[in-house]
Every structure is written in C-alpha cells, then in structure tokens.
1. So which of R59, R13, R43 is in contact with a Pro (Cβ under 6 Å, 6 or more places away or on another chain) and at negative phi?
2. Six or more apart or on different chains, Cβ under 8 Å: which pairs go from a residue in region 241-257 that's farther than 16 Å from R220 by Cβ to one that's aromatic (F, W, Y) and part of a loop (DSSP other than H, G, I, E, B)? Could you list them?
3. Look through K27, K58 and report the one residue that is farther than 26 Å from S142 by Cα and surrounded by fewer than 15 Cβ atoms within 10 Å (Cβ to Cβ).
4. Restricted to region 66-115, and to residues that are charged (D, E, K, R) and touching a residue at least 60 places away in the same chain (Cβ under 8 Å), which residue is farthest from Q193 (Cα to Cα)?
5. With the structure loaded, tell me whether K203 is within 24 Å of D83 (Cβ to Cβ) and assigned to a loop (DSSP other than H, G, I, E, B) or whether it fails that test.
6. Looking at (1) of a type outside the set (S, T, Y); (2) in contact (Cβ under 8 Å) with a residue 24 or more places away in the chain; (3) assigned to a loop (DSSP other than H, G, I, E, B), which one does V50 not meet, given that it meets all the others?
7. How many residues, within region 113-135, are closer than 12 Å to V77 by Cβ and either in contact with a helix residue (DSSP H, G or I) (Cβ under 7 Å, 6 or more places away or on another chain) or of a type in the set (D, E) (or both)?
8. If I ask for residues that are of a type in the set (D, E, K, R) and either under 21 Å from V194 (Cβ atoms) or surrounded by 11 or more Cβ atoms within 10 Å (Cβ to Cβ) (or both), which ones from region 41-55 would you list?
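Values in this text are rule-based calculations from the coordinates and carry no lab data. Given the structure is predicted, the values throughout are model-derived calculations rather than measurements. Every residue, glycine among them, receives a Cβ derived from its backbone with ideal geometry; neighbour counts consider all protein chains shown.
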Amino acid sequence: MAIKVYKRNNSGRRNMSIVKPENVTDKKPEKSLVVAFNRKYGRSNGKISVRHKGGGAKRLYRKVDFVQNKLDILGTVVAIEKDPNRSALIALVVYADGEKRYILATEDMKSGDKVMCSKEASIKTGNRTKLSRIPTGTVISSIEMKKGKGSQIVRSAGSGAMLMSMDDKYAHIKMPSGEIRLINIECYATIGQVSNFEHNTVKIGKAGRARRMGKRPAVRGSAMNPVDHPHGGGEGRQPIGLKYPKTPWGRPALGVRTRKKNKISNKYIVKSRHKK
C-alpha cells in the first residue's frame, strides 16, 4: 500500500494524494458481474431530495456477494480490483465448480489465495465461518446481524471488529466505533480486517475531483439569506443568533441524538459508543 502525494505545481495539486494499493490487479471488471445502474443524483421527480449530490463520472455497479452462500466449496482469488462504488477493494473469486463471484477483500489478500465459506472453515484471514467457531480476540469483518441475511456491518475500508467473548446464544462484539453489541453465534463473519485501510488518508485536493465523485458544493448556512437558512442574514459576518444550530428546515443540528429511544435493537447494545 502506497500513498502518492502530488507535487505542488498549482493550488489544486497542493497536498492532493491518492492511494495506490500494491496488490491491485491490472484487469477490466468481470463482464458477467457488472450491471449498468441509473443513479438518481439526489432527486425525486426532478426535485432535490438529498442535497450535495449530482453529476459524477459514469460507472458500472459490481455485484458483490455479501451472502456468500457457496458453502464448503474452495475458491481461488484471481484478481483484486478497485470498486468505484465503495471504499474497500473487492476480490474476484473463482470457485471449484467454475462459478465466479466478487467478495470484499480482506487486508493483504492477493491473487492466488484460497478462501472458503464453511461451518468447518479454518481460522485464516479471508475465510468465512460462524461466530461460534471463531476464537475470542480475533479481528472480524463483514458480519451478519440476522442469520442468513448476509454481511451488513463492518464493510468499509480498513474497518474491523473484535470478538470479545461468547455465551450460550450471543457473541459480544466490539465495533469499530467502540460500541459493544450482541450478535447471534449462528451468524457468519469473515476473518480479518477489510482491505484498503489507508483510504481515509486521501486528500481530494480540488473541487473538480469531488465533482467527478458525484459531490456537489456544500454552502454554509451563515452565507445564505434568511429566506434560505435559519443561520442566514445579517450585515457582514455574524453569529447565528440562536441558542443552538439548526438545519435548513429548522430542526436541531450538531450533536442531537436521532436514534429512537425504544428502538427494538437497543436490547442488543451492551455498551453504547457514546459512553466512555
């Protein structure tokens, strides 16, 4: 893994950087595993429903296998690829029966590695098995929250959770946020940390690069008129003039908890990420 920092030839290049993973294979995506998709660019019936989205370079969607339901069949990694739709790298796996699938690549995964999803899979980076078989203290990723639903959490670049302990029915898992959560021991998880851990060190450098990523400008509320934002108005640069900051629609912002107090899954949280 290497970070390339560009020369400061102009203001756009100053501090701009990209991540160049060493194990990425130089090949086009597998045709049978890509599909065209129409992004809505944050609009619904022509009206902006999500701000700061729009434009962006054309891209194909890679069909990543999050369920990994090919049990007890050995697979061989034939390529590690970048996916424009996610921060982590993806691995093209060819199984013993000839089928090809994309999976999320774990750290240090490379072409030629063998992977398997099985109840009896060995505890090796890249393999996938039930939580009940994984030793405590192991770093895991791509974790199921409901049995058979496929990986739902710990999927972004460089993320990894730790299996803290086990009881009769649930595993205690420490999430990347610090939250400790109960998950059924019959759920599957992948051994190892998600690839591309240096993704968050990238500096975009200039506005044009962000636009190619589909990100439109975000304007400060205090720079708007009163008709457009609660923070707007005033002669020159002024404080917001409110007890607390608000969204453009007048609701409390910044630090306000939005999670429902009686959410059903609250009972599975042993320690909240908000409490030290």
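1. Matching residue, one of R59, R13, R43: R59.
2. P252/Y244
3. Checking each option against the conditions leaves just K58.
4. Checking each candidate, the answer is K100.
5. Here the answer is yes, as K203 does meet what is asked.
6. (2) is the only condition that V50 fails.
7. Looking only at that region, the number is 1.
8. R43, R51, K53 - these are the residues of region 41-55 that are of a type in the set (D, E, K, R) and either under 21 Å from V194 (Cβ atoms) or surrounded by 11 or more Cβ atoms within 10 Å (Cβ to Cβ) (or both).
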